[in-house]
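Handing you a structure now.
Derivation of every value follows stated rules applied to the coordinates shown; laboratory data play no part. Quick caveat: nothing in here was measured; it's all calculated off a predicted structure. Neighbour counts run over all protein chains shown; Cβ positions are idealised from the backbone, glycine included.
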Amino acid sequence: QEDHEDESKVKNPRSDSKPPLTLPVAPPLYDAPFPFYRRPAEMGRFSLDAKRCFHGDARQMRYYVPPPAEGPSPGFDLRDGYRDRYVQRDDSVREGLDHLLQWIVENRKQLQTEDKGKLLNADFVTWRGHLTKVLTTPYESREGWLLAVTLFRGTLYISEFETEAARREREQRSEMLKELTYMGYKFEQYMCADTPDGIPDPTGVVNTNEAFCTVIRSRLGSHSLLFSGEVDCTDPRSPSPQPPSCYVELKTSKVMHSPAQRRSFYRHKIIKWWAQSFLPGVSRIVAGYRGPDGSVVGLETFETMKIFKLIRDDRGCWKPAVCMNFCAAFLAFLKTVVTEDNPKLVHLFAWNPGHPVSYTVHQDSQYRFLPDWYVEALSA
Ligand code: A3P
Ligand code: MG
Ligand code: MG
């Protein structure tokens, strides 16, 4: 099931000092000490409302409210409202980096540099979710990805395109999978209030257009990063009250009954939870375990910085350092390959399990993702 077969041929650059054409992904190649990763700092926030409209403020922020009875079962029914109180975001619409770019345009003064060739004070601009996929690549055996990269005024922008396989999967999703997706959002509604002293309202509508996003600055090795990610809620009673560490990531997962099930969860699932929250410095992940009837049968809190302890004794498990070293190598690869500063030029990096990362070059094509309004706003 090879995606984009016609595009996976690697184009030979004509210059004499040829950059490498592919990047290998095998974990042993990246099994080195953990690289430098600067403590993530929040640069700003924005919200997307019930109609998916952008607002440069935190109006969609929600507040963490664990259930009062710290018992084994909080009595949440994750299926409630699926048929009659669910407004789904249209996921066939490609949003690209647009909301993040809008935030950048509105905040460009605080991002500008002295450096003449470079407009923004960042080597890379992207979504946190794209970086999460890069981090987990050495251990991913099922889903490939396509990441489009453009160099504009000294900054590399990374925007994901849906693979053919992902599009097919999205269009053919079963009713059961759709309900499972709903249940993830429903869990958020049970765990969050709209105000710091409020209580959750599970009688309300679940609208997946709504989002609160944090904009984060960090550095991985020699690569300065500016990225944004959706945040589920903040804990007003957090022992570390500063964002982003006061943020809480909510997750649902099937209840586990055996040590083998838990080991498999550590090997294959918690890697994604860790990568997603480690990147922006979200310090806690709260899991709601689903029973077969869709009720939550237990809660468990994971401290993001302690997840490595759960896996380090399992020889067949993933390693945080491999994820981060691969990401640093991937970003270095982008810097060597994408050297022409041109908002219409896209290098499309493609990866499929069992293969190295490769790329193709596209001028003014369907893959162009920096909108004219952005290029003009930053040229003024
Ligand atoms: P769960 O992760 O609890 O299943 P997030 O956890 O990142 O805040 O996302 C909230 C919910 O959106 C998820 O809840 C899941 O239901 C849905 N979701 C997120 N990413 C998804 C994906 N790639 N495919 C399908 N559903 C997804
Ligand atoms: Mg979320
Ligand atoms: Mg979540």
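Mind telling me which of Arg368, Arg284, Arg170 comes out most flexible in a GNM of the chain, alpha-carbon contacts under 10 Å?
Arg170
Using only Cα atoms, what Kirkwood radius does the chain have, in angstroms?
Details: mean 1/r = 0.0454 Å⁻¹.
Roughly 22.0 Å, rounded to one decimal.
I need the P(r) histogram for region 244-300: all alpha carbon pairs, bin width 5 Å from 0 out to the longest distance, whole percents.
4, 18, 25, 24, 17, 9, 3
Using C-alpha positions alone, give me the convex hull volume of region 188-255 per residue in cubic angstrom. Write down the numbers at each step before the final one.
On the way: hull volume 10.3 nm³, N = 68.
Spelled out: Cα convex hull of region 188-255, divided by residues, is 152 Å³.
At a temperature of 37 °C and a viscosity of 0.692 mPa s, determine how fast region 168-325 diffuses translationally according to Stokes-Einstein, using the Kirkwood radius over alpha-carbon pairs as Rh; express D in µm²/s, rounded to the nearest whole number.
Numbers: Rh = 17.4 Å.
For these conditions, the coefficient is 189 µm²/s.
Sequence-distant or interchain residues sharing an amide H contact under 5 Å with Arg368, placed H: which?
none
Rg and Dmax of region 309-380, Cα atoms, in Å?
My reading of the Cα-based Rg and Dmax gives 17.6, 55 Å.
What shape does region 22-152 take by its C-alpha gyration tensor, where a ≥ b ≥ c are the square roots of the eigenvalues and a/c under 1.5 counts as rounded, a/b above b/c as prolate, and the rest as oblate? Show your work: numbers first, answer last.
Working: a/c = 1.77, a/b = 1.28, b/c = 1.38.
Oblate shape, in that a/c is at least 1.5 and b/c is the bigger or equal ratio.
What do you get for Rg/Rh over region 277-333 if you use C-alpha atoms and the Kirkwood form of Rh?
With Rg and the Kirkwood Rh in hand, the quotient comes to 1.11.
Taking the C-alpha atoms of region 257-380, how large are the radius of gyration and the largest Cα-Cα span, Dmax, in Å?
Calculated on Cα positions, Rg and Dmax stand at 20.3, 60 Å.
Here's a follow-up. Top mean-square fluctuation among Gln261, Gln172, Gln88, Gaussian network model of the chain, C-alpha springs under 10 Å?
Gln172
Would you mind computing, in nm to one decimal, how far apart the modelled labels at Ser264 and Glu106 are, each placed 7 Å from Cα along Cα→Cβ?
4.5
How much length, in nm to one decimal, is gained on full extension between Asp84 and Asp293, taken as 0.36 nm per residue of separation minus their Cα-Cα distance? Could the numbers behind the result be given before it?
On the way: separation 209, 0.36 × 209 = 75.24 nm, distance 1.85 nm.
Length gained, Asp84 through Asp293: 73.4 nm.
Picking from Leu21, Leu370, Leu97, which is most flexible by a Gaussian network model of the chain using Cα springs under 10 Å?
Maximum among the listed residues: Leu21.
Suppose the chain between Phe34 and Asp115 were pulled fully straight at 0.36 nm per residue; how much longer would it get relative to their current alpha carbon spacing?
Answer, rounded to one decimal: 26.2 nm.
Counting just the Cα atoms, what span does region 114-176 cover along each of its three principal axes? Round to the nearest Å and put the largest first.
53, 24, 17
Which residue, chosen from Phe308, Phe326, Gln366, occupies the Cα position most advanced towards the positive end of the dipole of region 287-380, where the dipole is computed from +1 (Lys, Arg) and -1 (Asp, Glu) charges on Cβ about the Cα centre?
Sorting the options by dipole projection puts first Phe308.
Along the charge dipole of the chain, Cβ charges K/R +1 and D/E -1, which of Thr126, Tyr63, Gly354 sits furthest on the positive end?
Gly354
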